[in-house]
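Here's the structure, in structure tokens; my notes come after.
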Amino acid sequence: MMKTLNDFDFKDKKALIRVDFNVPLNDNFEVTDATRIISAKPTIIKILEDGGSCILMSHLGRPKGVQDQFSMKHIVSQVEEVLGVTVKFVADCIGDDVEAAAASLNPGEILLLENLRFYSEEKAGDQQFAEKLSKLGDIYVNDAFGTAHRAHASTTVVAQYFEGKKCFGSLLAKEIVSIEKVLKTGEKPILAILGGAKVSSKITIIENILDKVDHLIIGGGMTFTFIKANGGQIGDSICEDDKMELALKIIEQAKAKNVQIHLPVDVLAANSFSNEADTQIVDVDKIPDGWQGLDAGPKSKANFHEVVMQSKTILWNGPIGVFELPTFAEGTIALGESIAEATKNGTFSLVGGGDSVAAVKQFGFADKVSYVSTGGGAMLESLEGKVLPGIAAINN
Ligand code: AMP
């Protein structure tokens, strides 16, 4: 059973929490998007309400050694504002001063450590560095899904020092449960929607989920490798010729596994990759030379809507058109609307990994789906069927 915050009483305990406070800063070192801090709030507040104290550790950006612009000091006031609690800051993350600051922490107090990646030992997963971190708390809590696929000192190695005293924070627990709802415990019919630019970046995911889903919608730039492999004319659409054989193999595997693959039947084609291009609706396998398919066409949208509405569990990864250009965003928006409607009717919907997260946020669907994942790479690796080291380290 997965250990969560509810398995511990944090009264008078010091929780060493790996959070993901890798937030974007502007030129004045102000936080421009506090989503990640807000996401960690439930875990921190629960521990404080138990009567415990919190030692928060994270990385910020990609510093090369100690670099002031990546100091956690820049985010202290934002963390205080989000949590509504005073936050103490210490200008290091290991060593005597930090240990003293942690030791003197009273119940209800929060200590924020300096950027973990000021030490190269963090990413190297250095044992001694992890041991020094472990001295700071009584219970280790990992709530950073965004780095759970990395075997870094603070995400994985440090857990060794907390035998029987480690658990997932509520954010990470939610991520794990959401992925399991799709890959293990989901109500059927289960639908995966894979979009995005390239087959090559999604191939491992496709192979893994063919065993789990009933329907697979393939959209976006990936479409054309499949259509060309089947003998269709794709004009100048994006295509990976060296993946055509693989595409045919996937279609065969899907048949053998009783998975229905749904590809677009028509597309909005353009005569250049530009928002101002001339456009026309054409059949997906009859795209004239000089034209490229950049979004799903009306028949495809209607088909996708139908599949979405009959599914009880939906995973969405990757936009089905070039949604960054408004001319080609309609298909992705329509799909988001369909998923929102299905969710309202009781379907579980998970949006995760890459650009579909940006799309649902941009088009206002984030609150209308069941869960939007906070981790790009970690989500993709989970969908590929990999066991993430940060998760394994808590479960072991
Ligand atoms: P990914 O990061 O794999 O989810 O890929 C997302 C990218 O795929 C976005 O930048 C989209 O613009 C792009 N994309 C989606 N559909 C198409 C298409 N038909 N042709 C070219 N690129 C596309």
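Rule-based calculations on the coordinates, nothing more; no lab input. Only a predicted model underlies this, so the values are computations on that prediction, with no experimental measurement involved. Cβ: placed from backbone, ideal geometry, glycine included. Neighbour counts: every protein chain shown.
Nothing charged except the Cβ atoms of Lys and Arg (+1) and of Asp and Glu (-1): what's the magnitude of the dipole of segment 1-149 about its Cα centre? Round to the nearest 20 debye.
Its charge dipole is roughly 300 debye.
Counting DSSP beta bridges in segment 5-172, what percent are antiparallel, to the nearest 5?
Just about 5 percent of them are antiparallel.
Any idea what the relative contact order of segment 308-396 is, in percent, if you count C-alpha pairs under 8 Å spaced at least 6 apart?
28 percent
Please report the relative contact order for the chain, taking Cα pairs under 8 Å with a sequence separation of at least 6, and give it as a percent rounded to a whole number.
Relative contact order here is 15 percent.
Once you have a ≥ b ≥ c as the square roots of the Cα gyration tensor eigenvalues for segment 127-178, tell me rounded if a/c is under 1.5, and otherwise prolate or oblate according to whether a/b is larger than b/c.
oblate
Rounded, prolate or oblate: which one fits segment 5-172, using the alpha carbon gyration tensor with axes a ≥ b ≥ c (rounded when a/c is under 1.5, else prolate when a/b beats b/c, else oblate)?
Since a/c stays below 1.5, the shape of segment 5-172 is classed as rounded.
Among 219, 370, 331, which residue has its Cα positioned farthest towards the positive end of the charge dipole of segment 186-383, with +1 placed on the Cβ of Lys and Arg, -1 on the Cβ of Asp and Glu, and the dipole taken about the Cα centre?
Of 219, 370, 331, it is 370.
Tally the DSSP beta bridges in the chain and give the antiparallel ones as a percent, rounded to 5.
Taking every DSSP beta bridge with both residues in the chain, the antiparallel ones total about 20 percent.
With n ≥ 4 as the cut-off for DSSP H runs, can you work out [θ] at 222 nm for the chain, using -39500 (n - 2.57) per run divided by the number of residues, rounded to the nearest 500?
-10000 deg cm²/dmol
Net charge within 13 Å of residue 171 by Cβ-Cβ distance, Lys/Arg positive one each and Asp/Glu negative one each, not counting residue 171 itself?
Summing Lys and Arg as +1 and Asp and Glu as -1 gives +2.
Would you please name the trypsin sites (Lys or Arg not before Pro) within segment 179-257 that are DSSP coil residues with at most 16 other C-beta atoms within 10 Å of their C-beta?
Passing sites in segment 179-257 are 184, 198, 257.
Which order do peptides 24-36, 288-300, 60-72 fall in by mean Cβ count within 10 Å, highest first?
Ranking, from highest mean packing down: 288-300, 60-72, 24-36.
Taking square-rooted eigenvalues a ≥ b ≥ c of the alpha carbon gyration tensor, is segment 186-383 rounded, prolate or oblate, where a/c under 1.5 means rounded and, failing that, a/b exceeding b/c means prolate?
Judged from the Cα gyration tensor, segment 186-383 comes out oblate (a/c at least 1.5, b/c at or above a/b).
In debye to the nearest 20, how big a dipole does segment 186-383 give about its Cα centre with +1 on each Lys and Arg Cβ and -1 on each Asp and Glu Cβ?
640 debye
Just how large is the dipole of the chain about the Cα centre, in debye to the nearest 20, putting +1 at every Lys and Arg Cβ and -1 at every Asp and Glu Cβ?
So the dipole magnitude of the chain works out to roughly 980 debye.
List, in the order given, every pair from 228/249; 3/135; 174/243; 181/386; 228/361; 13/184 whose Cα-Cα distance in the structure shown is over 23 Å.
174/243; 228/361; 13/184
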